[in-house]
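A short write-up of the structure that comes next.
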Amino acid sequence: MKALSKVLLVATAGAGILAWSTQGATAAIVCSGNVCWHVTERYEYPPDARVVIHEDSWKPEASASITFREHKGRGYWRGDKWTEW
């Protein structure tokens with residue numbers, strides 16, 4: 001009986017750790033036209049930003065002409081200009 005209690009305790013702790021670790025996984029790929037970038041937080045972009053948010057595992061089609069431009073901070077690419085808000 002004591003061994004079963006330990007197993008249940010470890011399983012419960014493991015499930016709690018797993019649930020906590022997945023809450024922080026908010027990474028995504030955001031695209032504006034053919035320009036995409038990685039984000040670590042999901043923002044609600046302004047409607048005029050015209051961005052599409054993809055899961056972090058998203059891969060563009062092989063025939064797509066996608067350019068990745070990284071930038072820190074909250075914002076989006078509009079042409080060659082980074083727009084913060």
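Rule-based calculations on the coordinates, nothing more; no lab input. The structure displayed is predicted, hence computed values, not measured ones. With ideal geometry, Cβ positions are generated from the backbone for all residues, glycine too; neighbour counts draw on all protein chains shown.
A few comments on the model shown:
- Convex hull projection area averaged over all views, the stretch 28-84, Cα basis, nm²: 3.8
- Calculated FRET value between residue 65 and residue 27, using beta carbons and R₀ = 30 Å, to 0.05: 0.80
- Label-point separation in nm, residue 43 to residue 57, each point 7 Å along Cα→Cβ: 2.6
- Formal net charge of residues neighbouring residue 79 (Cβ-Cβ distance under 12 Å; K, R +1; D, E -1): +3
- Using θ = phi - 60° in the Karplus curve 6.51 cos²θ - 1.76 cosθ + 1.60, the 3J(HN,Hα) couplings for the stretch 76-85 round to 7, 8, 10, x, 9, 10, 8, 10, 9, 8 Hz; x is entered for Gly and Pro.
- Exposure proxy order (Cβ contacts within 10 Å, fewest to most) of 43, 76: 43, 76
- Likely footprinting exposure, 32, 57, fewest C-beta neighbours within 10 Å first: 57, 32
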